[in-house]
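The values are calculated or read from the model by the stated rules, or taken from the named source; none is laboratory data. Worth saying up front: this structure is predicted, and the values here are computed from it rather than measured. No Cβ is skipped: glycine too gets one built from the backbone with ideal geometry, and neighbour counts run over all protein chains shown.
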Amino acid sequence: MLTSRKPLIRPLFAAILVALLQTAVLGYMIESRASILRNGTDVVLKTIPVDPRDLLRGDYVILAYDISTIAPDKVIGGFPKEATDARMSVRLEKQPDGFWTVSEASFSPLPAKAGSVVARTQPIFYYPTPDAPQLAVRVDYGIERYYVPEGEGLVLEEARNASALSVTASVDDTGRMQIRLIAVDGKPLYEEPLY
């Protein structure tokens, strides 16, 4: 009688173990995002228009920021000499108009500095052009899409294209960013809950 129950215990134990592991992974993903929103430093970013032919209306809004283009004169420590997958550290500083802009960037980590926040970009493929002058570097931060309820994206797209849309993003100590708030003409329209 014991031998007939023993084969059932192993699959049941394995199923419980897999369910616990999946729950732990999902919990980690949710808590990781919530931790940035709870403990990060808020920065207000100015959005820029995006070519409307690239939009998928109704499900999400494509966001582009002025901090997404790094001018070559802002890059300290030089550019990579060989083609590489890299991340950049981007120092953001608050301006008199309330928006945060790029003060410097580097392909190496930047140290902490009072009055600024260091954001990390998503991985980019950098290909140097030895004989050409350095060009601006286009980067993403992982906050370039904002999902909205179906049919509500048009308001955000129109505000974005009229330069009336702003995004408040939280940046944690490691440079990861999460969208906290979307505002139109300074009035909050969407605010992200922690959970």
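For the reader, a short list of remarks on this structure follows.
- Per-region count, segment 109-128, residues within 22 Å of residue 36 (Cα to Cα) and over 15 Å from the mean Cα position of the chain (by Cα): 8
- Residues of segment 180-195 classified as part of a strand (DSSP E or B) and exposed (fewer than 15 other Cβ atoms within 10 Å of the Cβ), total: 3
- The residue that is surrounded by the fewest Cβ atoms within 10 Å (Cβ to Cβ), among those in segment 128-150 that are among the β-branched types (Val, Ile, Thr) and within 18 Å of residue 71 (Cα to Cα), is 129.
- Residue within segment 44-66 that is more than 18 Å from residue 181 (Cβ to Cβ), at pLDDT 95 or above and in contact with a strand residue (DSSP E or B) (Cβ under 9 Å, 6 or more places away or on another chain) present: no
- The listed residue being under 25 Å from residue 97 (Cβ atoms), acidic (Asp, Glu) and free of Cβ contacts under 8 Å to residues at least 24 places away in the same chain, out of 144, 191: 191
- In segment 13-39, the residues that are surrounded by 11 or more Cβ atoms within 10 Å (Cβ to Cβ) and of a type in the set (A, V, I, L, M, F, W, C): 30, 34, 36, 37
- Residues satisfying the stated conditions in segment 146-179, i.e. touching a helix residue (DSSP H, G or I) at 6+ places or on another chain (Cβ under 6 Å) and assigned to a strand (DSSP E or B): 165, 170, 178
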